[in-house]
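First the structure, in the form of structure tokens, and then the observations on it.
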Amino acid sequence: MDALLTVSKVSKNFGGVKALSDVSFSVRPGIIKALIGPNGAGKTTLFNIIAGEIGPSCGEVFFKGEKITGKKSYQIAERGIARTFQTTRLFENMTVLENVMVGRHLRSRAGFTASILKLPWTWQEEKAIQIAAEEILDFFGLTTLRQEKAQGLPFGLKRLVEIARAFACRPALLLLDEPAAGLNIQETNRLASFILAMKEKGITILLVEHDMSLVMEISDEVVVLNEGHYLTEGLPRQVQKDPQVIKVYLGEEL
């Protein structure tokens with residue numbers, strides 16, 4: 001099966017600091033792949049490169065066989081890659097429904113001029129976007145919060161709304177950057193169920209996460225970075241028992 005995403009010999013330098021060095025791996029469609037490693041391994045830097053937030057110093061990224069290196073973040077989003085962030089980036093003064101509708105607008109036909117002129121078909125499209133957003137809220141169990149302002153939500157729900165907004169973009173590939181950070185056990189278990197449900201909907205997921213219980217529970221494959229270098233990859237159980245990985249996480253003696 002052809003890869004949905006291919007990272008090929010990607011390096012990234014920030015001045016004299018080498019955040020990534022010659023990293024290569026691929027993601028098959030229809031799976032959950034975890035990207036793990038200690039702090040400073042380069043995981044978020046790699047996410048930023050894939051999403052077009054920053055460019056690599058060298059190397060290339062391919063999505064659906066197309067080279068996306070050098071494209072703007074909105075161009076990459078249009079091609080079917082959505083992401084979340086370590087810290088939630090919601091529109092705090094907008095409602096939960098409006099935040100999710102923003103994600104759906106990525107797939108709308110109406111441009112700025114058409115919206116300003118209030119052409120009849122733009123009203124129809126806006127209604128369709130709202131209906132789709134309502135269905136997504138129902139999928140994530142957020143319907144009762146639809147009219148709540150994002151700023152008033154507890155952290156765990158903000159995280160879920162951000163994932164719902166990314167899901168609303170109808171991505172082929174969803175990048176989740178530490179989605180369980182700051183969540184309690186119950187919230188993490190709920191998150192796991194939604195990630196698996198999104199996979200069932202046909203979304204491929206690349207996940208950066210420090211919660212190893214979550215990683216081992218939901219991932220089909222795991223790739224490990226250490227100090228900006230590719231270390232290994234494989235099935236969760238294989239990676240969990242790999243002596244190199246144990247050394248990186250637990251120290252030389254163990």
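The values are calculated or read from the model by the stated rules, or taken from the named source; none is laboratory data. On a predicted model such as this, the values are computed, not experimentally measured, just so you know. So basically every Cβ, Gly included, is an ideal-geometry build from the backbone, and we count neighbours across all protein chains shown.
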| message | Checking the structure you have, find out if any residue of the stretch 201-212 is free of Cβ contacts under 8 Å to residues at least 24 places away in the same chain and not in a loop (DSSP other than H, G, I, E, B). | response | no
| request: Kindly indicate whether GLY30 is in contact (Cβ under 8 Å) with a residue 60 or more places away in the chain and closer than 17 Å to VAL248 by Cα. | output: no
| task | Quick one: which residue in ARG104, ARG109, ARG146, ARG159 is over 22 Å from the mean Cα position of the chain (by Cα), closer than 29 Å to GLY52 by Cα and either outside the structural domain of MET198 (by TED's automatic domain parsing) or modelled with pLDDT under 90 (or both)? | result | ARG109
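Matching residues to (1) buried (at least 20 other Cβ atoms within 10 Å of the Cβ); (2) on the phi > 0 side of the Ramachandran plot; (3) out of contact with any Pro (no Cβ under 9 Å at 6 or more places or on another chain); (4) β-branched (Val, Ile, Thr):
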residue: ILE54; (1), (2), (3), (4): no, no, yes, yes
residue: SER57; (1), (2), (3), (4): no, no, yes, no
residue: LYS67; (1), (2), (3), (4): no, no, yes, no
residue: GLY80; (1), (2), (3), (4): no, yes, no, no
| said: Given the options PHE85, PHE63, name the one that is touching a strand residue (DSSP E or B) at 6+ places or on another chain (Cβ under 6 Å), under 18 Å from PHE47 (Cβ atoms), at pLDDT 90 or above and not hydroxyl-bearing (Ser, Thr, Tyr). | reply: PHE63
| note | Within the stretch 54-109, the residues that are closer than 23 Å to GLY141 by Cβ, of a type outside the set (D, E, K, R), outside any loop (DSSP other than H, G, I, E, B) and in contact with a Phe, Trp or Tyr (Cβ under 9 Å, 6 or more places away or on another chain) are ALA82, ASN99, VAL100, VAL102, GLY103
| message | Name the residue that is modelled with the lowest pLDDT, counting only residues in the stretch 226-254 that are outside any helix (DSSP H, G or I) and exposed (fewer than 14 other Cβ atoms within 10 Å of the Cβ). | response | LEU254
| request: Determine whether LEU207 is buried (at least 16 other Cβ atoms within 10 Å of the Cβ) and aliphatic (A, V, I, L, M). | output: yes
| message | Given (1) of a type in the set (S, T, N, Q); (2) at pLDDT 95 or above; (3) within 25 Å of ASN93 (Cα to Cα), identify the lone condition not met by GLN151. | response | (2)
| When you go through ILE76, ILE50 one by one, which is the residue that is crowded, with 20+ Cβ neighbours inside 10 Å and without any contact (Cβ under 8 Å) to a residue 40 or more places away in the chain? | ILE76
| Flag if LYS71 is of a type in the set (D, E, K, R) and in contact with a Cys (Cβ under 8 Å, 6 or more places away or on another chain) | no
| Looking at ILE131, is it part of a helix (DSSP H, G or I) and surrounded by fewer than 16 Cβ atoms within 10 Å (Cβ to Cβ)? | yes
